[in-house]
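Visitor: Let me give you the structure first, and then I'll get to my questions.
The values are calculated or read from the model by the stated rules, or taken from the named source; none is laboratory data. Not measured: the values here are computed from a predicted model. Positions of Cβ are generated from backbone atoms using ideal geometry, with glycine treated the same way; all protein chains shown enter the neighbour counts. Accessible surface areas use protein heavy atoms only, side chains included; no ligands, DNA or RNA. Shrake-Rupley method; radii C 1.70, N 1.55, O 1.52, S 1.80 Å.
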Amino acid sequence: MEQHRTLRVSEAVREELGEIIGYELGDPRLAGTEVTHAEVSPDGRHAHVKVSASEQGERATLAALDHAQNYLRRELASRLGLRRVPELHFAIDAH
C-alpha cells in the first residue's frame, strides 16, 4: 500500500474502532477506554492499536479487547470495505 493510503486507512481504523469500542460494546471492562492511535502496516495485514485505560484496569481492558477481536474485525470489514482486514494488536498507550 502506498504511504498516503496507509495513513488514510490507519485513521479510518482508529475512528471506527473508537466508535465501536466506545458506543457499541457492552463490556464493562472497556468503560472509559479510548483509541488513541492506530497504525496499519504497509501490506495491510496488521494494525497496531494504542488505547488509553485506567491504571488498575489495563490488563482487563486488553483481555476484553482480545476477546472482542473477531467481532471488531468483522465490523471493520463491513464499515470500511477493505479487501484485507488487518489483524488487530492492542497495547496500552503510555502517554
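Visitor: Calculate the dipole size of the chain relative to its Cα centre from +1 charges on Lys and Arg beta carbons and -1 charges on Asp and Glu beta carbons; express the result in debye to the nearest 20.
Guide: Values: 12 positive and 16 negative charges, 76 e Å.
Here the chain has a charge dipole of around 360 debye.
Visitor: To check you understand DSSP bridge types, tell me what percent of the beta bridges within the chain (both residues inside) are antiparallel, rounded to 5. Mind showing how you got there, number by number?
Guide: On the way: 6 of 12 bridges.
Once the DSSP bridges in the chain are tallied, antiparallel ones form about 50 percent.
Visitor: Would you mind working out the accessible area per residue for the chain, using a 1.4 Å probe, and quoting it in Å²? Display every interim value, and only then the final one.
Guide: On the way: 6040 Å² over 95 residues.
Per-residue accessible area for the chain comes out at 64 Å².
Visitor: Under the Kirkwood approximation for Rh and a Cα-based Rg, what ratio Rg/Rh is obtained for the chain? The partial results should precede the final answer.
Guide: Numbers: Rg = 12.7 Å, Rh = 13.3 Å.
In the chain, Rg relative to Rh is 0.95.
Visitor: Rounded to the nearest percent, how much of the accessible area of the chain (1.4 Å probe, protein heavy atoms only) is carbon and sulfur? It would help to have the intermediate numbers written out before the result.
Guide: On the way: 2750 of 6040 Å².
Of all accessible area on the chain, carbon and sulfur atoms account for 46 percent.
Visitor: Another question about this same structure. Name the residue farthest towards the positive end of the dipole of the chain from the options Leu82, Ala94, Thr6, assuming +1 on Cβ of Lys and Arg, -1 on Cβ of Asp and Glu, about the Cα centre.
Guide: Checked the options; the winner is Leu82.
Visitor: Also, I was wondering about something else. For the stretch 63-92, which trypsin sites (Lys or Arg not before Pro) are both in a DSSP coil and crowded by at most 14 other Cβ atoms within 10 Å? Walk me through the intermediate numbers first.
Guide: Working: sites: Arg73, Arg74, Arg79, Arg83, Arg84; in loops: Arg83, Arg84.
Answer in residue order: Arg83, Arg84.
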